[in-house]
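Worksheet: one structure, shown below.
Values quoted throughout were computed directly from the atomic coordinates according to the rules given, and no laboratory measurement underlies them. Everything numeric in this text was worked out from a predicted model, so none of it was measured. Positions of Cβ are backbone-derived with ideal geometry, glycine not excepted, and every protein chain shown enters the neighbour counts.
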Amino acid sequence: MPKIVVLFLSLYICCLINGVGAQVTLKMEDIVEVYMGDSAQIHCQYSFAQKPSMVMVQWFVRGPGGRRVRISYSDLSMQKVDENTTFTDRISVAADKDGEILTIVDVRLSDEREFYCQVNGLADGSEEGRTHLKVFVPPESPVIEAVVTGVSVTNTLPTKIATCETRKGFPRPNITWYRKYEQLHPRNGQVNVVTLVTKDSSGLYAVQSELQYKVTKEDMDALFSCEISYHVPGEVQTAGSKSVNITVHYPTTNMEMWRESPEGLVKEGDTVEIRCQGNGNPPPTIIFRSEQDDEELESDSGLLVLTDVTRKDSGIYQCQPLVLDSDDYEEVMGSLKLTVHYLDPAVVVPKDSEVMLRGESLTATCNALSSLETNTVWLKDGVEIGSGHVLQLQDATFDTAGHYNCEVTVPSLPGLHTSGSVHIIVQGAPELKDLERGVQMMERVGKWVNLTCEARGFPLPTVTWNIASSPQGWREIIKKETEDVILSIVNLKVTTDTVATCNASNVIGTETKSYTITSIPIVTSTARNTAADNSGVIIVIIIIAIFLVAILGSVLYFLYKKGKLPCGRSVKQEITKEANNKDNIVVEMKAEKTEESELLKGVNGNPKPPNDQYLDLRK
């Protein structure tokens, strides 16, 4: 019996080995990619050349050390997941018309390995396939940091300028560096990239990259950035960092010096601010010197302030950086020429004051030393009377006397100006203000009148009054004196006809002015009434005369109409003569009226108006 069994088994094994007429086709994906935490499906598609009587499918995974571990198996009657594996609770196997599908949920980073599908149809053949499961975790965005202390161009080797880091990625991401958005490649003596890769306990990678770079002055405005590239299912993605600027230190090779204030030309008394700046970074400490003194001047942060400058401050000013390491020092200097403009006080000749005789001439000069072209004008009482530094005074009069000011200005620098003055005195005999030397006045008795005497001359005249007819009836009420003018006003009471004489005199001469005052007597009430009565009589006589002439004219006209009068030329002449004679009579009467009307004059000596006469007549 055992021999039969052995023979049967031998024949069966031989059939399996030879596989007479048996064939299996099996297809699996080489790689399946999935994000960590997602679900993964691995397909195992198989087919037999002829339908097998029995099929067994087993799933294996490569474990530590390369050892295979079965995680699931099935046949035509059942499907089972192996116990006590890391996949026991996370996998399932489903059959379809093409084969089986292994599903893994909540994929972990440790699930990245090879999975095997083994199909056994006994005598109908067997086959095995393999799929590599890849798990991906996108890393965090890159973080870039520039060196804050600055990098010097004097370094002979590439120096660390920035770092770039990304974390928590799988598989390991790569870092690329850029300058002004152009990729940097390692280059001996110019660019070095040092990369440090670490993995945390969960298996995720952290990558840190350090960029070492030999900077130049042109890099002071350059922007540096980094970019990470990483794999995800089906593609490669990238993420860029922000751009950073590095501080580049370079020595000063040029000094610029300029005047900040004031604008335009500088004059004595100004405050001058001079600025100096070097092109090095960091900005150097600057020292100032004056070429004329060759001493260091006090300054602050590249600013030199000169207060209340004078012409002595004119000259060349220099600035240079303060260098501590004299071995590497290359002399760099800036310079500026400062010119302080000035205008000296005006010098007037003659000085202070000058005495002239009437009719004389005088030449006055006004000069002021200046660093710029000047302009001179002469003024008297605020009114311009001449220009230029020379003033000619011809044929002097008293009006020539007074204060003369000369003003010197600098047109190109309005802030510069000076002035001087001279006092001109004109010497001469007194000259009375009014041209009339005799004044006639009519004033009523008892009235107070003011008499004025104003004289001009030098030396200052003396004014005296001579009022012989009224020695006690006047007084001087105003007396004013200036350098060459005297004013005297007296108040006089009119009592009778008076002659008042004003005498103005000095050592050179005398001039006189007189007032002749005719007094008007006061008219009493009785005289006024008498005059009024006489006027009434005269008016009555005139009316009667006019009435008689009218009657005579009527009679003559009546006789003429009746033919009683001759019409010859001689008769007309007779009549005309008579008329003329009558007119003469009327004129004589009017003359009498004029004599009588003198009595109607008022206190002020003027005739009363007609209305007043009529009032008197009514009385």
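Numbers for the structure displayed
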read-out: Exposure proxy ranking, count of Cβ atoms within 10 Å, fewest first, for 507, 499; value: 507, 499
read-out: Interchain or long-range residues, amide H under 5 Å from residue 33's placed H; value: 134
read-out: Ordering of 253-264, 129-140 by packing [mean C-beta count within 10 Å, highest first]; value: 129-140, 253-264
read-out: Sum of side-chain charges, residue 495 neighbourhood, beta-carbon under 13 Å (Lys, Arg +1; Asp, Glu -1); value: +1
read-out: Cα-derived Rg to Rh of the range 159-204, Kirkwood definition; value: 1.04
read-out: Cβ charges +1 (Lys, Arg) and -1 (Asp, Glu), total dipole of the range 81-141, debye; value: 160 debye
read-out: Sum of side-chain charges, residue 226 neighbourhood, beta-carbon under 15 Å (Lys, Arg +1; Asp, Glu -1); value: -1
read-out: Gain in span if fully extended, residue 62 to residue 148, counting 0.36 nm per residue against the direct Cα distance; value: 25.9 nm
read-out: Cα-Cα over 27 Å, subset of 134/168; 27/199; 217/242; 312/351; value: 27/199; 312/351
read-out: Sorted by Cβ neighbour density within 10 Å, fewest at the top, the residues 546, 538; value: 546, 538
read-out: Table column - 3J(HN,Hα) (Hz), the range 74-84, Karplus curve with 6.51, -1.76, 1.60, x for Gly and Pro; value: 7, 9, 5, 10, 7, 9, 9, 9, 5, 7, 6
read-out: Environment charge of residue 239, counting only residues whose C-beta is closer than 12 Å and scoring Lys/Arg +1, Asp/Glu -1; value: -1
read-out: Burial ordering of 111, 294, fewest other beta-carbon atoms within 10 Å first; value: 294, 111
read-out: Range of Cα positions in the range 237-355 per principal axis (Å), largest first; value: 106, 40, 18
read-out: Whole-Hz ³J(HN,Hα) from phi, Karplus 6.51 cos²θ - 1.76 cosθ + 1.60, for the range 414-427, glycine and proline x; value: x, x, 8, 7, 8, 8, x, 8, 9, 9, 9, 10, 9, 9
